[in-house]
Amino acid sequence: MKRFILTVGPSLLKKVPLTEIHDERNIYRINGAHGSVQDIENYIMEIRQQIPSADILMDLPGNKVRTKDLPDGGIAIESGKQFEIPSGCFNYKDFYKHLEPGMTAWANDSIFEFEVVSADCDKIVFMSKSDGTLINNKGVHIRGIHDQIPFLFEKDRHLIELTKKWALSFVGLSFVRKPANVEEVSSLIRGKTDIIVKIETLDAVHNINDILPLTNYILVDRGDLSTDVGVSRIPRYQKYIIDKALFFDVKIFLATQILKSMETKPIPTIAEIEALYDIYKSGVYGVQMSEETAVGQYAVNCIKVLHDMEKEVKSEVIK
């Protein structure tokens, strides 16, 4: 294992200073989907204040349609009942134009499933097939509509400018679907910033032979990919993508729920440890901690587990 991507947030950076866990192999990730452009620039400045030489990853939100400006507490949803969201409560104002009755929407990393009942400029009506609460900044994904949606939203372009202004080490390119997407951002990013192409759509998998020659790094985001291929198929697709990247000599990061239970517990499950062991043995270049370090209660423990497993894999001694 060569690098560790650690997402900063209320836990790591704010509660736990980077100086407490810093290693030169760490890459500190800022999730561009959360906060304003000014909030994100403040994160950059705080990271640089704590670790002046830090490698920082600006992870662009990409053209993922997300909820915004929902009522405090979110919208309660119940299986078998309809609910509505004002059309203006999405980060893409023309979202409603791409919807037709009968379409299926997956929200919050496929936890929720809805059916489109109707959509116009005032509101979108869904029939829920799930129970829970839909809150702000959660993705609402509908397959097959993204060819009609711009690849970069306005916020992405602002964050690219921040990346250039602060000469960040990496920019994460979200929801790539075809080589032209990588080429578009490559033309905007100049300097020493490396692009990490995120493989999180079925189109990206289908076009992977043409995408891999354009980058030195990819990241497999299993959460968003699951909305396109289904959760049960993630192991199959993960192995396929890793094998392809190794063939093209492209460095691979793996993300999503690596140590999910450690958001609220100080030690991982045995299943997570076994999966982490297999990840380390698969040839990946690094792993990404997301909520585990950004908002989790045991960020330091998570990072220690990553290092302990690395030592274990290197020793491989049965006692």
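The values are calculated or read from the model by the stated rules, or taken from the named source; none is laboratory data. In this text the structure is predicted, and so the values were computed from the model without any measurement. Ideal geometry is used to build each Cβ from the backbone, glycine not excepted, and the neighbour counts take in all protein chains shown. Note: areas computed on protein heavy atoms with side chains; ligands, DNA, RNA excluded. Shrake-Rupley method; radii C 1.70, N 1.55, O 1.52, S 1.80 Å.
A quick yes/no check of all residues on (1) surrounded by fewer than 22 Cβ atoms within 10 Å (Cβ to Cβ); (2) part of a loop (DSSP other than H, G, I, E, B):
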residue: 258; (1), (2): yes, yes
residue: 293; (1), (2): no, no
residue: 297; (1), (2): yes, yes
residue: 310; (1), (2): yes, no
Return the residues of segment 274-293 that are among the hydrophobic types (A, V, I, L, M, F, W, C) and within 21 Å of residue 26 (Cβ to Cβ); say none if nothing qualifies.
276, 279, 284, 287, 289
Here are the criteria: (1) more than 20 Å from residue 313 (Cα to Cα); (2) over 18 Å from the mean Cα position of the chain (by Cα); (3) in a loop (DSSP other than H, G, I, E, B). Tell me which single one residue 267 does not satisfy.
(1)
Exactly one of these conditions fails for residue 236: (1) under 15 Å from residue 205 (Cβ atoms); (2) over 20 Å from the mean Cα position of the chain (by Cα). Give me its number.
(2)
Residue satisfying condition, being of a type outside the set (Lys, Arg), in contact (Cβ under 8 Å) with a residue 40 or more places away in the chain, over 24 Å from residue 68 (Cα atoms) and open to solvent by less than 50 Å² (accessible area, probe 1.4 Å), within set 199, 149:
199
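For residue 19, indicate whether it is open to solvent by 60 Å² or more (accessible area, probe 1.4 Å) and among the β-branched types (Val, Ile, Thr).
Details: open to solvent by 60 Å² or more (accessible area, probe 1.4 Å): yes; among the β-branched types (Val, Ile, Thr): yes.
Yes, satisfied.
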Are any of the residues in segment 273-282 modelled with pLDDT of 95 or more, within 17 Å of the chain's Cα centre (by Cα) and open to solvent by 10 Å² or more (accessible area, probe 1.4 Å)?
no
Just a yes or no: is a residue in segment 79-87 farther than 23 Å from residue 176 by Cα, assigned to a strand (DSSP E or B), among the charged types (D, E, K, R) and open to solvent by 60 Å² or more (accessible area, probe 1.4 Å)?
yes
Members of segment 270-291 that are in a helix (DSSP H, G or I) and of a type outside the set (Phe, Trp, Tyr)
270, 271, 272, 273, 274, 275, 276, 278, 279, 281, 291
Report, by residue number, each residue of segment 216-240 that is buried (at least 20 other Cβ atoms within 10 Å of the Cβ) and among the hydrophobic types (A, V, I, L, M, F, W, C).
218, 219, 220, 225
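One line per residue, one yes/no per condition, for (1) farther than 30 Å from residue 233 by Cα; (2) open to solvent by 10 Å² or more (accessible area, probe 1.4 Å); (3) assigned to a strand (DSSP E or B):
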| site | (1), (2), (3) |
| --- | --- |
| 39 | yes, yes, no |
| 43 | yes, yes, no |
| 56 | yes, no, yes |
| 61 | no, yes, no |
| 93 | yes, yes, no |
| 110 | no, yes, no |
| 114 | no, no, yes |
| 136 | no, yes, no |
Every residue in segment 142-198 that is over 18 Å from residue 29 (Cα atoms), in contact with a strand residue (DSSP E or B) (Cβ under 8 Å, 6 or more places away or on another chain) and not in a loop (DSSP other than H, G, I, E, B), please.
181, 182, 185, 186
What is the number of the single condition among (1) crowded, with 19+ Cβ neighbours inside 10 Å; (2) over 30 Å from residue 179 (Cβ atoms) that residue 208 does not meet?
(2)
Positions within segment 116-134 being open to solvent by less than 40 Å² (accessible area, probe 1.4 Å) and hydrophobic (A, V, I, L, M, F, W, C), in sequence order
116, 119, 124, 125, 126, 134
